[in-house]
Amino acid sequence: MAQMPDVDMAAVATVEAEGRLRVALDNMPGGLVYTDQDLNVVFCNDRFKQMYAVPSELLEPGRPYVGLLRHLAENGYYGAGDVEAQVAQRIESLRNPSGKSLEDHTPDGRWYRVLRSRVALGGTVSVVTDITEQKQAELQLAAKEAEFHVALDNMPGTLVYTDRDINVVFCNDRFRQMYAVPPALLERGRPYADLLRYLAEHGYYGAGDVEAQVARRIESLRNPTGKTLEDHTPDGRWYRVVRSRVALGGTVSVTTDVTEQKQAELRLAAKEAELHVALDNMPGALVYTDAELKIVFCNDRYRELYIVPAELLQPGRPYTDLLRYLAENGYYGEGDVEAQVAHRVESLRNPTGKSLEDHAPDGRWYRVRRSRVARGGTVTVITDITEQKHAERDLLEATRRTEEANRLITEKNRVLEGLYQEIRDKNGQLEEQAAQIAEWNARLETRVTEQVAQIGQMSKLTRFLSPKVSDLIMSGDADDPLKTRRREITVVFVDLRGFTGFTETAEPEEVMSVLREYHAELGREIMEFDGTIEHFAGDGVMILFNAPLPVEDHELRAIRMALRMREAIAVLAQGWKKHGYALGFGVGIAGGYATIGTIGFEGRFDYGAIGTVTNLAARLCGEAADGQILVSPRIFTKTETLIDASAVGELTLKGFQRPVAAYNVLGLRAA
């Protein structure tokens, strides 16, 4: 048979290693989610997403975790009670985990136990375990104990009853199934010591002296203490044995198969150990190597810092391969590659706490620290110290320049001493110049006052703009944005369907709550797409594009923002519907020329646009049904190759003498 190529063998090893890592992450005692100090989601595994069937956006990294908590409370996961109180209790357990567990009860009847623990660098890890079977077992056990309390008060599972002389009185069929022994050993009246000796001789009690093992079991029958014993069968199963005294004399031994629990405990211990290594030592990039210097795990930040072939970071791959690659590519500076690799290998085998430094080909500097792990292996933590290095370099350069300046100053002082007399002679002239400077200062003060007033107006304007546009204006790189001018713009009007009827029946607090959620989603998308807020009016919002500063493809940018808004408000509408709020969302978009600039009076200026295009956008919004994004012909013509849209027909709009054709935007075309 031909030998499998090394590359194929490496690929197989890589696949197997990836499989082991995924098993380790997706089966960590159950579901896992990591939240940062601001209670935002950092990471959650697939098992967590399977256990909590919630909208996927609630679990995206960076999303506030309170959104998930409120969704679960509103959907009955925390039982009956005040939703806000339930959410507040969960938030407190995230901020100050006490080690006590919480329980979630899903709508489909499953039970989850939630344990939270603090992470050294900040934030909280929440581990979720499915305890449905345990809960059901507890309920079933209580029922069975009540039903069989008189007949067999101690029969939760298999059972054997021995008399005062330690002879077999009774054992059930399940006992015979669990202990595959000669039937004669379980006959009524047979000394139970015979069975104990058989089990000891066949390895059920582990290695050791057989007679001592039998004597210990006999003592537990004569004087049961309530403590459990464990039997380990030759086929690898684990049994837990509990003995109790019977009022009429003798002893009842109840045996439970705990194999799955034992296996789960072993798996849990191994996974928790790996998880703690990864989480408790993660100030930045991290890689964990075992005692044989093979990679066990590295995080995404490590892959970002070290741009190397992906196969070098696969679990199970010798870490020396990566070290050699880095040495050959100049990360360790000039020198003998093998010596550099040997130096790094020694720091892995015997970490001293001293740091190493790597210099990436792109000029960045990394500090490398290694520490021994109690279970074996080494954790390596890498910190990007490029800025610190640059600061040190700048400090040295500044020191050099300072010393040079001091030398020049000393030389110039000697020259100045010679000029002192000349300066005294010119003192009169300087006094005249001082008077002139005073006059210039007065003029400068007047000019500064005027500019401060202008800056104040600009700073007020920035509340209508995205951060990127605001920064450009305040930096002075843009032309005066307050100046009135005529420009082609895109205008977007949005409002809620059914809002007027809602306000007539809802409490003011409910209306404000809906508006806060609504405005928050709109504001997020407006800022994302560099829109300018012209004004808010209850549920209605007017947004400008291409004003005050020009933006490319402002027509398409407005449509993309509207599509994102429609998706976000649709999610909110599902929550509102649960509270009985029937609210929809409509959008109108028009393009054309308008006059833009500041409107108002001294002390109260707003930024606005005047022109037919604003009226057209408002009228299209008024005609839009729930979920519709109606655009004018001008907008459709400029974007029709990039969007999917359907013709609505010609609409008769108030303020327009002729019908206006309108188009409903369905989505963006695939690139």
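The values are calculated or read from the model by the stated rules, or taken from the named source; none is laboratory data. Bear in mind that the values here come from a model prediction, so they are computed numbers and not experimental data. Neighbour counts run over all protein chains shown; Cβ positions are idealised from the backbone, glycine included. Ligands, DNA and RNA are excluded from the accessible area calculation, which covers all protein heavy atoms including side chains. Shrake-Rupley method; radii C 1.70, N 1.55, O 1.52, S 1.80 Å.
Looking for whichever is closer than 24 Å to residue 335 by Cβ and in contact (Cβ under 8 Å) with a residue 12 or more places away in the chain here; the options are 364, 375. Which one fits?
Going through 364, 375 in turn, just one is closer than 24 Å to residue 335 by Cβ and in contact (Cβ under 8 Å) with a residue 12 or more places away in the chain: 364.
Residue-by-condition table, conditions (1) open to solvent by 40 Å² or more (accessible area, probe 1.4 Å); (2) touching a helix residue (DSSP H, G or I) at 6+ places or on another chain (Cβ under 7 Å); (3) in a helix (DSSP H, G or I):
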site	(1), (2), (3)
303	yes, yes, yes
326	no, no, yes
330	no, no, no
370	no, yes, no
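Of the residues that sit in the stretch 537-548 and are of a type outside the set (Phe, Trp, Tyr) and under 11 Å from residue 489 (Cβ atoms), which one is surrounded by the fewest Cβ atoms within 10 Å (Cβ to Cβ)? Show your work before the answer.
Step one: list which residues in the stretch 537-548 are of a type outside the set (Phe, Trp, Tyr), which gives 537-544, 546-548.
Then drop every residue that is not under 11 Å from residue 489 (Cβ atoms), which leaves 543-544, 546-548.
Values: 543: 26, 544: 27, 546: 24, 547: 27, 548: 26.
In this case the residue turns out to be 546.
Of the conditions (1) at pLDDT 90 or above; (2) closer than 23 Å to residue 96 by Cα, residue 79 fails just one. Which one is it?
Residue 79 satisfies all of (1) at pLDDT 90 or above; (2) closer than 23 Å to residue 96 by Cα except (1).
Under 6 Å by Cβ, and 6 or more places apart or on different chains, what pairs join a residue from the stretch 518-538 that is more than 18 Å from residue 566 (Cα to Cα) with one that is buried (at least 21 other Cβ atoms within 10 Å of the Cβ) and at pLDDT 95 or above?
Hits for this filter: 532/544; 534/542; 534/544; 535/542.
Between 596, 635, which is open to solvent by less than 90 Å² (accessible area, probe 1.4 Å), of a type outside the set (Asp, Glu) and in contact with a helix residue (DSSP H, G or I) (Cβ under 7 Å, 6 or more places away or on another chain)?
635
Does residue 381 satisfy the criteria of being closer than 24 Å to residue 291 by Cα, open to solvent by less than 40 Å² (accessible area, probe 1.4 Å), assigned to a strand (DSSP E or B) and out of contact with any Phe, Trp or Tyr (no Cβ under 8 Å at 6 or more places or on another chain)?
On the way: closer than 24 Å to residue 291 by Cα: yes; open to solvent by less than 40 Å² (accessible area, probe 1.4 Å): yes; assigned to a strand (DSSP E or B): yes; out of contact with any Phe, Trp or Tyr (no Cβ under 8 Å at 6 or more places or on another chain): yes.
Yes; evaluated as a whole, the condition is true for this residue.
Kindly provide the set of residues from the stretch 179-196 that are surrounded by 12 or more Cβ atoms within 10 Å (Cβ to Cβ) and either assigned to a helix (DSSP H, G or I) or on the phi > 0 side of the Ramachandran plot (or both), ordered by number.
Those that are surrounded by 12 or more Cβ atoms within 10 Å (Cβ to Cβ) and either assigned to a helix (DSSP H, G or I) or on the phi > 0 side of the Ramachandran plot (or both): 185, 186, 192, 193, 194, 195, 196.
So residue 375 ticks every box in (1) in a loop (DSSP other than H, G, I, E, B); (2) surrounded by 14 or more Cβ atoms within 10 Å (Cβ to Cβ); (3) among the basic types (Lys, Arg) but one. Which box is left unticked?
Unmet condition: (2).
So which of 104, 108 is in a loop (DSSP other than H, G, I, E, B) and charged (D, E, K, R)?
108
Could you list all residues from the stretch 370-406 that are among the hydrophobic types (A, V, I, L, M, F, W, C), touching a Lys or Arg at 6+ places or on another chain (Cβ under 6 Å) and at pLDDT 90 or above?
381
Take residue 226 and decide whether it is open to solvent by 20 Å² or more (accessible area, probe 1.4 Å) and at pLDDT below 85.
Against the criterion (open to solvent by 20 Å² or more (accessible area, probe 1.4 Å) and at pLDDT below 85), residue 226 qualifies.
Based on this model, can you work out whether residue 339 counts as of a type in the set (A, V, I, L, M), at pLDDT 90 or above and open to solvent by 30 Å² or more (accessible area, probe 1.4 Å)?
yes
Does residue 87 qualify as being of a type in the set (Val, Ile, Thr), modelled with pLDDT of 90 or more and in contact with a Lys or Arg (Cβ under 6 Å, 6 or more places away or on another chain)?
yes
Quickly run through the stretch 641-663 and pick out the residues that are touching a residue at least 40 places away in the same chain (Cβ under 8 Å), open to solvent by less than 60 Å² (accessible area, probe 1.4 Å) and under 15 Å from residue 617 (Cβ atoms).
656, 660, 662
Which residues, taken from the stretch 599-618, are polar (S, T, N, Q) and either open to solvent by 20 Å² or more (accessible area, probe 1.4 Å) or in a strand (DSSP E or B) (or both)? Please lay out each step first, then the result.
Keep residues of the stretch 599-618 that are polar (S, T, N, Q), which gives 612, 614-615.
612, 615 - these are the residues of the stretch 599-618 that are polar (S, T, N, Q) and either open to solvent by 20 Å² or more (accessible area, probe 1.4 Å) or in a strand (DSSP E or B) (or both).
Restricting attention to the stretch 117-126, report how many residues are open to solvent by 30 Å² or more (accessible area, probe 1.4 Å) and modelled with pLDDT of 90 or more.
Looking only at that region, the number is 2.
Filter the stretch 537-549 down to the residues that are assigned to a loop (DSSP other than H, G, I, E, B) and out of contact with any strand residue (DSSP E or B) (no Cβ under 6 Å at 6 or more places or on another chain) and list them by number.
Answer for the stretch 537-549, where residues must be assigned to a loop (DSSP other than H, G, I, E, B) and out of contact with any strand residue (DSSP E or B) (no Cβ under 6 Å at 6 or more places or on another chain): 538, 548, 549.
If residue 534 passes every condition in (1) open to solvent by less than 60 Å² (accessible area, probe 1.4 Å); (2) at pLDDT below 95; (3) of a type in the set (Asp, Glu); (4) part of a helix (DSSP H, G or I) but one, which one does it miss?
Unmet for residue 534, out of (1) open to solvent by less than 60 Å² (accessible area, probe 1.4 Å); (2) at pLDDT below 95; (3) of a type in the set (Asp, Glu); (4) part of a helix (DSSP H, G or I): (4).
Restricting the search to the stretch 521-531, which residues are under 15 Å from residue 589 (Cβ atoms), in contact with a Lys or Arg (Cβ under 9 Å, 6 or more places away or on another chain) and assigned to a helix (DSSP H, G or I)?
Once the filter is applied, which keeps residues that are under 15 Å from residue 589 (Cβ atoms), in contact with a Lys or Arg (Cβ under 9 Å, 6 or more places away or on another chain) and assigned to a helix (DSSP H, G or I), the stretch 521-531 yields only 525.
Among the candidates 567, 504, 509, 552, which residue alone is part of a helix (DSSP H, G or I), within 20 Å of residue 668 (Cβ to Cβ) and free of Cβ contacts under 8 Å to residues at least 60 places away in the same chain?
Step by step, each of 567, 504, 509, 552 is checked, and only 567 is part of a helix (DSSP H, G or I), within 20 Å of residue 668 (Cβ to Cβ) and free of Cβ contacts under 8 Å to residues at least 60 places away in the same chain.
Report, by residue number, each residue of the stretch 501-547 that is of a type outside the set (Val, Ile, Thr) and touching a His at 6+ places or on another chain (Cβ under 8 Å).
Result: 510, 536, 542, 545, 546.
Identify all residues within the stretch 314-333 that are in contact with a Lys or Arg (Cβ under 8 Å, 6 or more places away or on another chain), touching a residue at least 60 places away in the same chain (Cβ under 8 Å) and at negative phi; write none if there are none.
315, 317
Out of all the residues in the stretch 79-94, is one or more small (Gly, Ala, Ser), crowded, with 17+ Cβ neighbours inside 10 Å and either within 15 Å of residue 34 (Cα to Cα) or touching a residue at least 12 places away in the same chain (Cβ under 8 Å) (or both)?
Applying the first criterion (small (Gly, Ala, Ser)) to the stretch 79-94 yields 79-81, 85, 88, 93.
Filter again for crowded, with 17+ Cβ neighbours inside 10 Å, leaving 93.
Checking the rest, the ones that are also either within 15 Å of residue 34 (Cα to Cα) or touching a residue at least 12 places away in the same chain (Cβ under 8 Å) (or both) come to 93.
Within the stretch 79-94, one or more residues are small (Gly, Ala, Ser), crowded, with 17+ Cβ neighbours inside 10 Å and either within 15 Å of residue 34 (Cα to Cα) or touching a residue at least 12 places away in the same chain (Cβ under 8 Å) (or both).
Does the stretch 238-273 hold any residues that are exposed (fewer than 15 other Cβ atoms within 10 Å of the Cβ) and in a loop (DSSP other than H, G, I, E, B), and which are they?
Selection gives 247, 248, 249.
Yes or no: the stretch 43-56 includes at least one residue that is within 17 Å of residue 574 (Cβ to Cβ), outside any helix (DSSP H, G or I) and open to solvent by less than 20 Å² (accessible area, probe 1.4 Å).
Yes, the conditions are met somewhere in the stretch 43-56.
Hey, among 199, 221, which residue is open to solvent by less than 50 Å² (accessible area, probe 1.4 Å) and at pLDDT below 90?
Details: 199 fails: at pLDDT below 90.
Going through 199, 221 in turn, the sole match is 221.
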